[in-house]
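Novice: Just dropping this structure here.
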Amino acid sequence: MLVPTPVALVGGAVLLGAGVTFSTPAFFSAVFATATPDERGAASATASIALDLGLGIGPMVLGLVAEAGGTSRAFGVAAGVALAGAAWTWSLREPRAATS
């Protein structure tokens, strides 16, 4: 562990909470910006389910990975998932028009 203290645990929990607090509205804003008005209900339900599954099942799966291969491997898997998500999100961006 990097900092094995109760203060570090609370600090990590606060950091995680802040990340979820600020990323969730941004995520839904992106969903609503790309969905047509008649698709927004289904899109927001899908996004909500994806967030719930990711935040609920993700830590359990990473715990299993850590048990089988150690915490370094679990952090590597988490980083890989985050990088794959970032790459996928980057691939969805709309190309900008060339300016003269």
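The values are calculated or read from the model by the stated rules, or taken from the named source; none is laboratory data. Note that the structure is predicted; figures quoted are calculated from it, not measured. Ideal geometry is used to build each Cβ from the backbone, glycine not excepted, and the neighbour counts take in all protein chains shown.
Novice: Given the criterion loosely packed, with under 10 Cβ neighbours inside 10 Å and either touching a residue at least 40 places away in the same chain (Cβ under 8 Å) or within 21 Å of LEU92 (Cβ to Cβ) (or both), identify the matching residue among THR24, THR36, THR46. Full working, then the answer.
Specialist: Values: THR24 fails: loosely packed, with under 10 Cβ neighbours inside 10 Å; THR46 fails: loosely packed, with under 10 Cβ neighbours inside 10 Å.
Criteria check complete, one pass: THR36.
Novice: State whether one or more residues within region 52-75 are of a type in the set (Asp, Glu) and surrounded by 10 or more Cβ atoms within 10 Å (Cβ to Cβ).
Specialist: yes
Novice: Okay, next question. Which of the residues belonging to region 1-53 are under 16 Å from the mean Cα position of the chain (by Cα) and assigned to a loop (DSSP other than H, G, I, E, B)?
Specialist: Within region 1-53, no residue meets the criteria.
Novice: Let me ask you something else. I'm checking my understanding of the structure. Among residues of region 76-91 that are of a type outside the set (Gly, Ala, Ser) and either closer than 23 Å to PHE28 by Cβ or in contact with a Lys or Arg (Cβ under 6 Å, 6 or more places away or on another chain) (or both), which one is surrounded by the most Cβ atoms within 10 Å (Cβ to Cβ)?
Specialist: VAL81
Residues are listed down the side, and each one gets a yes or a no for (1) at pLDDT 95 or above; (2) basic (Lys, Arg); (3) farther than 18 Å from SER23 by Cα:
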{"site": "ALA43", "(1), (2), (3)": "no, no, no"}
{"site": "LEU51", "(1), (2), (3)": "no, no, no"}
{"site": "PRO59", "(1), (2), (3)": "no, no, no"}
{"site": "ALA68", "(1), (2), (3)": "yes, no, yes"}
{"site": "GLY76", "(1), (2), (3)": "no, no, yes"}
{"site": "LEU92", "(1), (2), (3)": "no, no, no"}
{"site": "ALA97", "(1), (2), (3)": "no, no, yes"}
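Novice: Kindly establish whether LEU62 is touching a residue at least 12 places away in the same chain (Cβ under 8 Å), of a type in the set (A, V, I, L, M, F, W, C) and closer than 20 Å to LEU2 by Cα.
Specialist: Values: touching a residue at least 12 places away in the same chain (Cβ under 8 Å): yes; of a type in the set (A, V, I, L, M, F, W, C): yes; closer than 20 Å to LEU2 by Cα: yes.
Here the answer is yes, as LEU62 does meet what is asked.
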